[in-house]
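Asks: Next up is a structure, given as structure tokens.
The values are calculated or read from the model by the stated rules, or taken from the named source; none is laboratory data. Every value quoted in this text rests on a predicted model; they were computed, and no experiment measured them. We place every Cβ from the backbone using ideal geometry, glycine too, and count neighbours over all the protein chains shown. These accessible areas exclude ligands, DNA and RNA; they are computed on the full protein's heavy atoms, side chains included. Shrake-Rupley method; radii C 1.70, N 1.55, O 1.52, S 1.80 Å.
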Amino acid sequence: MYGGDYNPEQWLSMPQILETDIERFKQARINTVSLGIFSWARLEPREGEFDFGWMERIIDRLYENGISVILATPSGARPHWLADKYPQVLRVNEMRQRALFGVRHNHCMTSPVYREKVRVINTRLAQRFGAHPAVKLWHISNEYGGACHCPLCQEAFRGWLEKKYKTIDALNDAWCTTFWSHTCDSFEQVESPSPLGESTVMGLTLDWKRFVSDQTIDFMEQEIDALRAAGAEQPATTNLMYHFGDIDYFRLAEKIDVVSWDNYPTWHKGPEWETARDTAFWHDVIRGLKKKPFLMLESCPGATNWQGVSKLKKPGMVEAGSLQSIAHGADAAMYFQMRKSRGGEEKFHGAVLDHYDGDDTRTFQDVCRTGEMLERLKEVAGSRTGALAAVIYDWENRWALEGSRGPRNDGLYYEESVEKSYRALRRMGLNVDITDQRGELSDYRLVAAPMQYLFRPGFEEKIRDYVEKGGIFVMTYWSGVVDENDRCFLGGTPHGLMDVFGLRSEEIDALYDWEENTACLPGQEDSASFWPESAGMRRSYTCKYLCQLVKPTTARTLMVYGKDFYAGSPALLRNDYGKGSAYYVCADMEQAFYDDLYRLLVRQAHIPSAWQGPLPEGVELTTRSGGKADYLFLQNFSPDEAELKLPEGELLIGRPDARLKHLETLVLKVPRP
Ligand code: GLA
Ligand code: ZN
């Protein structure tokens, strides 16, 4: 699918605009638009009075011109009358202040009135358009997120807790409320976390986050149910947004048919290859939610208007960004937005068409060229992005790390540590899956698990089983420390795995931002005699922020700290357990350490590469596999031209001399043996 968010309800008094738009869309090979995302006030101008005529005319006209529609449910922003008549739909913040009407994405997820009004409008939409041949997919609301602390939500939260814990004693036990006399006598006493009230009980904070996530997912399911009950059969998606922390996306994904997301990298802020790798990480998180092709529903074809500094896209960037999504498993590269609005919040946000109506803008040319490229990649749609290496990134673990008071309250760098492992693997041109602690590990030969501070129930068993059966598992510092309620494990950590890793964690040292230590090969003997596989590792790497001190039992120490009172004690260890190996990285190491270590481990794990020899710096390789062929996507995000030695295959995109200039893409189709 190629296209984007389209808001023609703004131009109903200027019908020629629709005709111009359709002409331009065809010029650019645009085949799909998302309609109605924020159209509720036009669809139901007064309570119970509906007007679908304008939308029908637009959908018909698009359809006649070969353009499909992703139809939205409009719950992301509500009409004025709704908020005025039923103030309960307005969100209450953690300071217990209710919002006035305005902005968007700020309704209560619990309010029975809001749920009912959404059910009604969704039902009407499905009845009217559910059978329209143009409508291919439902776009449920928009970028769900945030929390509401209103009395209705408090009530629902208490019900959720009661269902979970049954008795208040069980809740007190799970939350360790004896500390500071925070014991609850009844569920009625529980309030959501607030700076005005309870903010120190992590068990409460975690359950509140789970509740908000569940409540949002439940709201979404109810939206989908309304469509289904009215007979609509098209698949449903909801557009996700990076690390919007409020919803456990892995859980949400179970309730939708297709995963989609909105991708807004700050291109040109730092080196392009860095931004490209971070963006790749998010594409892979999103693909990992279902392990199936996904949709990039939004990206900006020009400059945004909400970033601190919204830069123009340099020539080639629109195309590179769109093709990157396809490389990582997307079957749609879409934009926000098709046409710039005349007023309102986003009048200066980049769009396929701007206030000047012509087709001779740089952006429009970029969009046309990208459309041509996508045309050449049609056969790639539906193919899979398989991976033999995975990195674990877990929402609940992240929530716990964010709030728990520990060795460093200013900067634990969880995401960065996840990305370090990810980057090291990607650098070798490997596809990498991202999964959470609940994910299946047996598909992988190598799994990286950075900073798994919180262990969800059963996670340790899964790791044990994985290593026992021959997997290579890398865990890092500050792992296996607390259970799902942030209660410290008793009897030694990493919880349940001290024999698997052959060590026990003893202490953890936090470093000031300006401090560093090193991890180095011990002694002066050459590394190979000490650690035979260590060829390729440097003698020393720096580490920062956190240094864990561990006591080995059966683990072999591969590197030791270079400084401080713990100089000489283990910094990297390996323990062979069952048929596999468990590695423990004790400190927040620099990127080069991970690059070198994973190179060794990928060899140990016998993970084949789609690429012979090293990839030029800044060139990203991702592979999609169809039934009969593999598709190798090579993209050059470095400033320098790269020369590649390509395997035999058919070029779908790219120059036969296999030179890749800055931001150029090459797609090679290689038949599968
Ligand atoms: C989000 C929203 C869109 C729009 C864009 C602007 O992703 O979903 O409605 O506001 O941001 O970048
Ligand atoms: Zn509420």
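Asks: Per residue, what accessible area does region 389-605 have, given a 1.4 Å probe and all protein chains present, in Å²?
Replies: Ligands and nucleic acids excluded, the result is 37 Å² per residue.
Asks: Something else about it: With r as the distance between the Cβ atoms of Lys269 and Glu590 and R0 = 25 Å, compute the FRET efficiency 1/(1 + (r/R0)^6) and round to 0.05.
Replies: The computed FRET efficiency comes out at 0.70.
Asks: Let me ask something else. Kindly state, to the nearest 0.05, the FRET efficiency for Phe187 paired with Arg405, given R0 = 35 Å and r defined as their beta-carbon distance.
Replies: 0.85
Asks: Shifting gears a bit: Check each of the chymotrypsin sites (Phe, Trp or Tyr not before Pro) in region 478-558 and keep only those in coil by DSSP with at most 10 other C-beta atoms within 10 angstrom; list them in order.
Replies: Passing sites in region 478-558 are Tyr512, Trp514.
Asks: Moving on. What is the spread of the Cα atoms of region 619-671 along each of their three principal axes, largest first, in whole Å?
Replies: Per principal axis, max minus min of the Cα coordinates gives 35, 18, 15 Å.
Asks: Sticking with this structure for a sec: Just flag the trypsin sites (Lys or Arg not before Pro) in region 606-673 sitting in loop per DSSP whose Cβ has no more than 14 other Cβ atoms within 10 Å.
Replies: Listed in order of number, the matching sites are Lys628, Lys645, Lys661.
Asks: Find how many whole Å separate the alpha carbon centroid of region 101-145 from the alpha carbon centroid of region 155-173.
Replies: First find each Cα centre; the distance between them is then 31 Å.
Asks: Here's a follow-up. Could you tell me the extents of region 389-605's C-alpha atoms along the three principal axes, largest first, rounded to whole Å?
Replies: The Cα atoms of region 389-605 stretch 46, 38, 33 Å along their principal axes.
Asks: Accessible area, 1.4 Å probe, largest first: how do Lys378, Lys255 sort?
Replies: Lys378, Lys255
Asks: A follow-up question, please. Averaging over every viewing direction, what projected area does the convex hull of the Cα atoms of region 208-326 cover, in nm²?
Replies: 8.6 nm²
Asks: Something else: Using a basic spin-label model with each label point 7 Å from the Cα along Cα→Cβ, how many nm lie between Asp218 and Asp51?
Replies: It is 3.6 nm.
Asks: Using a 7 Å offset from the Cα along the Cα-to-Cβ direction at both Arg603 and Glu415, what is the distance between the two label points in nm, to one decimal?
Replies: 3.4 nm
Asks: According to the square roots a ≥ b ≥ c of the eigenvalues of the Cα gyration tensor, what is the shape class of region 495-618, taking rounded for a/c under 1.5, prolate for a/b larger than b/c otherwise, and oblate for the remainder?
Replies: oblate
Asks: Pick out, in residue order, every one of the GluC sites (Glu not before Pro) in region 197-284 that is DSSP loop and has at most 12 other C-beta atoms within 10 Å; say none if there are none.
Replies: For GluC sites (Glu not before Pro) across region 197-284 that sit outside H, G, I, E and B with at most 12 neighbouring Cβ atoms in 10 Å, the list reads Glu233, Glu254.
Asks: Using a 1.4 Å probe on the protein chains only, how many percent of the accessible area of the chain belongs to carbon and sulfur?
Replies: The computed percentage sits at 51.
Asks: Give the Kirkwood hydrodynamic radius (Å, one decimal) of the chain, defined as one over the mean of 1/r across all pairs of different Cα atoms.
Replies: Taking the inverse mean of 1/r over all distinct Cα pairs, the chain comes out at 26.9 Å.
Asks: Between Lys661 and Leu12, what is the spin-label point distance in nm, taking each point 7 Å from the Cα along the Cα→C-beta axis?
Replies: 4.7 nm
Asks: With bins 10 Å wide starting at 0, give me the P(r) of region 557-650 over every alpha carbon pair, in whole percents.
Replies: Going from the shortest bin to the longest, the percentages are 12, 32, 27, 21, 8, 1.
Asks: Under the definition of Cα pairs under 8 Å and six or more residues apart, what whole-number percent is the relative contact order of the chain?
Replies: About 10 percent, as a whole number.
Asks: I've got another one for you. Using 0.36 nm per residue, how much length does the chain from Glu19 to Arg504 gain when fully extended, once their Cα-Cα distance is taken away?
Replies: 167.7 nm
Asks: Would you list, by chain and number, the aspartates and glutamates whose Cα falls below 14 Å from the Cα of Lys544, excluding same-chain residues fewer than 8 positions away?
Replies: Asp410, Glu416, Asp509, Asp513, Glu515, Glu516, Asp564, Asp588, Glu590
Asks: Something else about it: Run the paramagnetic zone check for Arg98: 7 angstrom along Cα to Cβ, then residues of region 148-182 with backbone nitrogen under 20 Å.
Replies: Output list for this probe position: 148-158.
Asks: Which of the lysines could a cross-linker bridge to Lys347, judged by Cα under 17 Å and excluding same-chain residues fewer than eight apart?
Replies: Lys311
Asks: Report, by chain and number, residues whose modeled amide H sits under 5 Å from the one on Asp588, excluding near sequence neighbours (fewer than 5 apart, same chain).
Replies: Result for Asp588 returns Lys544, Leu546.
Asks: Still on this structure, please answer the following. Cα-Cα over 31 Å: which of Lys420/Lys551; Lys255/Lys340; Lys313/Lys628; Lys290/Lys628?
Replies: Lys255/Lys340; Lys313/Lys628
Asks: Just read off the accessible area of Glu188 with the full protein assembly in place, 1.4 Å probe, to the nearest 10 Å².
Replies: Rounded to the nearest 10, the figure is 130 Å².
Asks: Pull out a ≥ b ≥ c, the square roots of the eigenvalues of the alpha-carbon gyration tensor of region 453-539, then state rounded if a/c is under 1.5, prolate if not and a/b is larger than b/c, and oblate in the remaining case.
Replies: Taking the square roots of the gyration eigenvalues as a ≥ b ≥ c, region 453-539 is oblate.
Asks: Given 0.36 nm per residue, what is the gain on full extension from Arg29 to Asp443 after removing their alpha carbon distance, in nm?
Replies: Gain on extension, Arg29 to Asp443, equals 145.2 nm.
Asks: On to the next question. What figure, in Å² to the nearest 10, do you get for the accessible area of Tyr631 with a 1.4 Å probe and non-protein molecules left out?
Replies: Here the residue's solvent-accessible area equals roughly 10 Å².
Asks: In terms of solvent-accessible area of protein heavy atoms at a 1.4 angstrom probe, what is the ranking of Asp51, Asp630, highest value first?
Replies: I get Asp51, Asp630, largest accessible area first.
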